[in-house]
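Peer 1: Shown below is the structure under consideration.
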Amino acid sequence: MKFIKENSYDIVKFFVYQIGIAVFSLTLAIPLEAAVDDKSDNIVQLFVSILAVSFYCMLVYTVSWEHGATERIRIDAGKSILDKFKGAKIALVACMPNVILSLVAIVASLLYAEGNAWNAVLGLLMAILGLIEAMYLGAVQFISTSLGNEETVYLINSICYLVFPFIIVFASHLGYVFGDKNFRIFGFIPGKSNKKIKK
C-alpha cells in the first residue's frame, strides 16, 4: 500500500495512457475496417494492434526512462534508494484492473455452458476488456481465430487479455532501468532529465 500511495500519480497516469491508447485504437480501426472486405478484416485489425501497441510501448518506455533518470539524480544525492523493478511495479499496479478482470473472465470461460449464469458475466467482461484493452483487440481476435473454435474462443481471448498487458510492464521496466543508467535507445528524443545529468 505504501508503494501505491507514493507512486499513485504515475500509476494513474499509466492507466490514463492505456485508456487513451484504447480510444486511439478504436478510432483508427473502425474507418479502416469499413474500407476493406471481410477477408482482410483480421489482418487490418492485427495491423492496428501492432501499430497501437508499438506506440503505447514507446510512450510508456519514454515516460519510465525520464522517471528512472530523475530517480538516479535523487539516488546519487542520497535522497532515494535504487529499486530497479520500480518501473515494472508501477506499470503492473496500473494494469491490475486488466489482470483482475481477465482472471475472472478465465474462470467464467471455464464455467461457460449453455444456460449458465456465468455466460452473462463473461459477456460483460469481454465487452469491458475489449474497450479498455482495445489496442490488443486485433491481436486477440487474430489468435483466437487461428487457434480457437466456438468452445475455446472465450478462454483464448481471456488468456490473451491477461498476458498482453505484461508487454507494457516489460517496456516500463526497460525504460526505467535504461533511464537509471542514462542509456538512450531513442537518442533522437530530447529529455529534460538527460539535460540535468549532463550538467
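Peer 1: Is there a residue in the range 83-94 that is over 19 Å from residue 19 (Cα atoms), open to solvent by 30 Å² or more (accessible area, probe 1.4 Å), free of Cβ contacts under 8 Å to residues at least 24 places away in the same chain and of a type outside the set (Lys, Arg)?
Peer 2: Yes, there is a match, as at least one residue in the range 83-94 is over 19 Å from residue 19 (Cα atoms), open to solvent by 30 Å² or more (accessible area, probe 1.4 Å), free of Cβ contacts under 8 Å to residues at least 24 places away in the same chain and of a type outside the set (Lys, Arg).
Peer 1: What is the one condition in (1) modelled with pLDDT of 95 or more; (2) open to solvent by less than 40 Å² (accessible area, probe 1.4 Å) that residue 139 does not satisfy?
Peer 2: (1)
Peer 1: So is residue 134 open to solvent by less than 20 Å² (accessible area, probe 1.4 Å) and modelled with pLDDT of 90 or more or not?
Peer 2: yes
Peer 1: Could you look through the range 125-139, keep only residues that are assigned to a helix (DSSP H, G or I) and in contact (Cβ under 8 Å) with a residue 40 or more places away in the chain, and pick out the one that is farthest from residue 22 (Cα to Cα)?
Peer 2: That would be 139.
Peer 1: Ok, one more. Between 9, 56, which is open to solvent by less than 50 Å² (accessible area, probe 1.4 Å) and of a type in the set (Phe, Trp, Tyr)?
Peer 2: Only one candidate qualifies: 56.
The values are calculated or read from the model by the stated rules, or taken from the named source; none is laboratory data. Just so it is clear, the structure is predicted and the values come from calculations on it, not from any experiment. Here the Cβ is made from the backbone with ideal geometry for all residues, glycine too, and neighbour counts use every protein chain on show. Quick note on the areas: whole protein, heavy atoms, side chains included, nothing else; ligands and nucleic acids left out. Shrake-Rupley method; radii C 1.70, N 1.55, O 1.52, S 1.80 Å.
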